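Working notes for the structure below.
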Amino acid sequence: MNGRNAGDDWWRHAVVYQIYPRSFADANGDGIGDIAGIRGKLPHLAALGVDAIWISPWYPSPMADAGYDVSDYRDIEPLFGTLAEADALIAEAHAAGIKMIIDIVPNHTSDQHALFQAALAAAPGSPERELYVFREGRGSDGELPPNDWQSNFGGPAWTRVPDGQWYLHLFAPAQPDVNWRHPAIRVEFEQTLRFWFDRGIDGFRIDVAHGLEKNWELPDLNGLAFPLAEDAEHEHPHWDQPAVHEIFREWRAIADEYSPARAFCGEIWVGRPQRLAAYLRSDELHTAFNFDFLMAPWLPGQLRSVIDATIASHAAVGAPPTWVLGNHDVCRPVSRYARDQRLLKPMDRHLMDFQDLPADFDLGRRRVRAAALLMLALPGGAYVYQGEELGLPEAEHIPAEALQDPTWVQSGGTDKGRDGCRVPLPWTSAGDSFGFSPDGAAAPWLPQPEDWAPLAADAQDGVAGSTLELYKAALKLRRELGELGDGTLEWLDAGADALAFTRPAGAGSAGFQCWTNLGSGPLALPAGEVLLASGELTEDGLLPSDTTVWLRG
Ligand code: NOJ
Ligand code: CA
């Protein structure tokens, strides 16, 4: 394990690369990514310079929600490989100085999980059914769902079983919610944590961490919107329930038993910075995704307020902020930034929210490069979703018959869902599937846009000015410069159209500065050595619009 990644506080500054295993690299030629594919690309990740990888669920799964429907938390999905291959990957990643984070999905299991199958086989009122959320329906014959909760993918959050009871699923019907009030569920997940910690996994990304606890009286929502207002005095019945913190205190105690330190990152959509920070108190989760940054439009005032609110709320609990531009659930940032940012609405993150707006993809890519340098200079850790280092856009034109996301069916064909950011990666500009699978293999599980050859990793590797080389240079500097990663920032006066800050270092060291120009004209820079820029400066040394520069002042 190399230098700065070896310490117990690695999670305070780590750049974590998200691998969506179905779409990363396919070694055995069935058109679906696998663990052997990941092992083959470790040199790419080591050369990129990331501190850790997070792998989206790799467990046995019927794939009703691309692996977020887990049927066995302590094994590997055969499509992806074997437990022995997972062990080998953990060892190889560690040998390359890369930490390994995996996904845990505690809000729901697959309907094929042994516990849910046992619950279905057992009678209403049985102990087996207590592990999930079974209720009688409403209406004279129980023919109506127990309450008005809606599935995140569309339609009611309840499905009726043949004996007449209903079960809760905040996501697909194939993802029944478990009952976190039941001690057996707590034990079950604690055993899973230990199973993987004992195998050397360095941390978990926690799926829907804000959803595990419910108001168990299961009251109707009556149209209650979420996130709640900043000053709301009531709680939402199934998101961000206060009792959820007790679970994470138990989990933290388990992580703290291990050495080197194991860490958690919560997927927590609560909208309110203080409520997010509550999950990051010193006896709870280590970090959480900063979705406010991901959703912020590319506008200076809004970015600045998100950065300030993030830093303040995290500092209050002593947690490091994180920064993220994309993941497997949201529109790729190139395509979001390609739209007129003033027309985005506060929660817009899915392509369907803005796909009808005109798009300028060169502009989107320029902004994403600038955003990447901005994000990597901010205090704390950062997440890079596979393909961001290649500047991939959203695949906006997947034919309806090829769509796989359950959102498409559950929304009655009104929401295309998230497949556009899940398209298999282009590794080579030539060859079938751009090198995602071996030549002659089955077609990739989602079709790739035909014009991706110039974006392929081999078309960018070693090419000055490519997005891949920009990421490599930034991550290398991040490791070399003591100021970057964990710490604080001090804003510089750069006018209303720019963001500029220093990262305070020890006494006597010449300061690092990050300047981002979000205005329409070029910006004068202070004197200093240019360490890295997301685009070329003008002949006069000015910073063009939508460009970030790192300086040594
Ligand atoms: C969040 C995951 O990121 C998403 O892909 C999944 O569909 C839901 N949680 C349900 O597990
Ligand atoms: Ca495969």
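Take the conditions (1) free of Cβ contacts under 8 Å to residues at least 60 places away in the same chain; (2) more than 28 Å from residue 480 (Cα to Cα); (3) surrounded by 23 or more Cβ atoms within 10 Å (Cβ to Cβ); residue 355 misses just one of them, which is (3).
Out of all the residues in segment 200-238, which are of a type in the set (Lys, Arg) and under 23 Å from the mean Cα position of the chain (by Cα)?
So in segment 200-238, the residues of a type in the set (Lys, Arg) come out as 205, 214.
Once the filter is applied, which keeps residues that are of a type in the set (Lys, Arg) and under 23 Å from the mean Cα position of the chain (by Cα), segment 200-238 yields only 205.
A Cβ distance below 6 Å, combined with a sequence gap of six or more or placement on separate chains, defines the contacts here; from segment 23-41, residues that are within 16 Å of ligand 1 (Cβ to nearest atom) reach residues that are assigned to a helix (DSSP H, G or I) and of a type in the set (Lys, Arg) in the pairs 33/22.
No other residue among 8, 26 is in the same structural domain as residue 263 (by TED's automatic domain parsing), closer than 23 Å to residue 259 by Cβ, acidic (Asp, Glu) and not in a helix (DSSP H, G or I) apart from 8. Could you tell me whether any residue of segment 42-64 is surrounded by fewer than 24 Cβ atoms within 10 Å (Cβ to Cβ), away from ligand 1 (no atom under 16 Å from the Cβ), on the phi > 0 side of the Ramachandran plot and of a type outside the set (S, T, N, Q)? There is at least one residue in segment 42-64 that is surrounded by fewer than 24 Cβ atoms within 10 Å (Cβ to Cβ), away from ligand 1 (no atom under 16 Å from the Cβ), on the phi > 0 side of the Ramachandran plot and of a type outside the set (S, T, N, Q). Within segment 243-258, residues that are among the aromatic types (Phe, Trp, Tyr) have Cβ atoms under 7 Å from residues that are surrounded by 19 or more Cβ atoms within 10 Å (Cβ to Cβ) in these pairs: 248/279; 248/284; 248/285; 251/193; 251/264, counting only partners at least 6 apart in sequence or on another chain. Selection of segment 136-180 for residues being touching a residue at least 24 places away in the same chain (Cβ under 8 Å), of a type in the set (D, E, K, R) and loosely packed, with under 14 Cβ neighbours inside 10 Å yields 136, 163.
Name the single residue, out of those in segment 78-125 being outside the structural domain of residue 238 (by TED's automatic domain parsing) and assigned to a helix (DSSP H, G or I), that is farthest from residue 63 (Cα to Cα). If we take residues in segment 78-125 being outside the structural domain of residue 238 (by TED's automatic domain parsing) and assigned to a helix (DSSP H, G or I), then 121 is farthest from residue 63 (Cα to Cα).
With in a loop (DSSP other than H, G, I, E, B), under 26 Å from residue 547 (Cβ atoms) and within 23 Å of the chain's Cα centre (by Cα) as the only criterion, which of 426, 444 stands out? So that I can check it myself, show each step before the final result.
Values: 444 fails: under 26 Å from residue 547 (Cβ atoms).
When all the criteria are applied, what remains is 426.
Determine the pairs where a residue that is assigned by TED's automatic domain parsing to the domain that holds residue 328 and away from ligand 2 (no atom under 12 Å from the Cβ), located within segment 434-454, has a partner that is among the aliphatic types (A, V, I, L, M) and outside any loop (DSSP other than H, G, I, E, B) with Cβ atoms under 7 Å apart, the partner being 6 or more residues away or on another chain. If the second residue must be among the aliphatic types (A, V, I, L, M) and outside any loop (DSSP other than H, G, I, E, B), the pairs left are 434/453; 446/402; 447/402; 453/459.
In segment 7-19, the residues that are of a type in the set (Lys, Arg) form Cβ pairs under 9 Å with partners that are assigned to a loop (DSSP other than H, G, I, E, B), at six or more places apart or across chains, as follows: 12/286; 12/319; 12/320; 12/380; 12/485; 12/486.
The values are calculated or read from the model by the stated rules, or taken from the named source; none is laboratory data. Values in this document were obtained by computation on a predicted structure and should not be read as measured data. Note: ideal-geometry Cβ built from the backbone for every residue, glycine included; neighbour counts use all protein chains shown.
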